[in-house]
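The values are calculated or read from the model by the stated rules, or taken from the named source; none is laboratory data. Computed from a prediction, not measured in an experiment: that's the story for all the values here. Here the Cβ positions follow ideal geometry from the backbone for every residue, glycine too, while neighbour counts run over all protein chains shown.
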Amino acid sequence: MLPLVAVAAIVVSPVAQSKLPAQSPVNVVPEAIQIDPTHPKLDVSYGHSELELKYIRKDAANPNGCQVRDHEETEEAEVKPGSGFVTAGGVRFDLIQFHFHTPAEHRFAGRQYPLEMHLVHRSAAGKLLVVGVPLRAGEHSTVDTVLAKLAPECGAPVHIHSINLNTLLPHNKHTLHYQGSLTTHPFDEGVQWYLAAEKTVSQATLSRFQGLFSHGNSRAVQPLNGRHFTEVGLI
Ligand SMILES: [Zn+2]
């Protein structure tokens, strides 16, 4: 049996604290934001790509699954390999797909947007980096072009003519970087998150997406457990 003092030492050690879950999404609170001018910027190298918009289905074994909306299901746009990548700390992460959640998964001082886009990038070593973009109802944007026709749950993907991937990002180039996880099964940690400024999408497109996922397709916010956000610019 361990002496009590040794047990207490384990509980308060930084090693034990680092094993607390680092799950996503989270609520961004202003007091957890750090300014670090030396932090490397996120270098974005996006080009043009045709897209295949697919309905991602999680209940393929269910005979009624084509009508049932699982909260982990979504509309996902696959990009052509090599059409876009970002570089963070000298590591290249290729853009592989982007998809949407309603309502938004990340919150900002408790505020929740109606929609959030996740641009998913993967390094050669299999590490993931996701750029999250909150979307509110307003002016038409490239997101309207992408979601003009939603892919049916058990039908053919929708082909979308070439878009400029840069136009998926907001004009405001500030992001908040933190360490998190996938927001769907298996919730793997070690995901680099960059939360971007808001963009707009038309109310008609927003309503169409909300109509498909009438019960929502987002995960609840998870505890921060002492994590911080660092302001990082996009270049
Ligand atoms: Zn997502």
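Summary table below
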quantity: Search result, residues across the stretch 205-235 that are among the aliphatic types (A, V, I, L, M) and surrounded by fewer than 13 Cβ atoms within 10 Å (Cβ to Cβ); calculated: ALA220, ILE235
quantity: Residues located in the stretch 62-112, provided they are of a type in the set (D, E, K, R), within 28 Å of GLY233 (Cβ to Cβ) and not in a strand (DSSP E or B); calculated: LYS80, GLU105
quantity: Criterion: within 16 Å of the ligand (Cβ to nearest atom) and either out of contact with any Phe, Trp or Tyr (no Cβ under 9 Å at 6 or more places or on another chain) or of a type in the set (Asp, Glu) (or both) - qualifying residue of ALA156, ALA148, ALA196; calculated: ALA196
quantity: Count - residues of the stretch 24-42 that are in a strand (DSSP E or B) and loosely packed, with under 15 Cβ neighbours inside 10 Å; calculated: 2
quantity: Scan of the stretch 145-200 for residues that are within 17 Å of ARG219 (Cβ to Cβ), assigned to a loop (DSSP other than H, G, I, E, B) and either acidic (Asp, Glu) or free of Cβ contacts under 8 Å to residues at least 40 places away in the same chain (or both), ordered by number; calculated: PRO186, ASP188
quantity: Qualifying residue in the stretch 213-223 (condition: in contact (Cβ under 8 Å) with a residue 60 or more places away in the chain and outside any loop (DSSP other than H, G, I, E, B)); calculated: no
quantity: Matching residues in the stretch 33-51 - criterion: being charged (D, E, K, R), closer than 30 Å to TYR178 by Cβ and modelled with pLDDT of 95 or more; calculated: ASP43
quantity: Count - residues of the stretch 118-130 that are farther than 15 Å from GLY89 by Cβ and either more than 10 Å from the ligand (Cβ to nearest atom) or surrounded by fewer than 17 Cβ atoms within 10 Å (Cβ to Cβ) (or both); calculated: 2
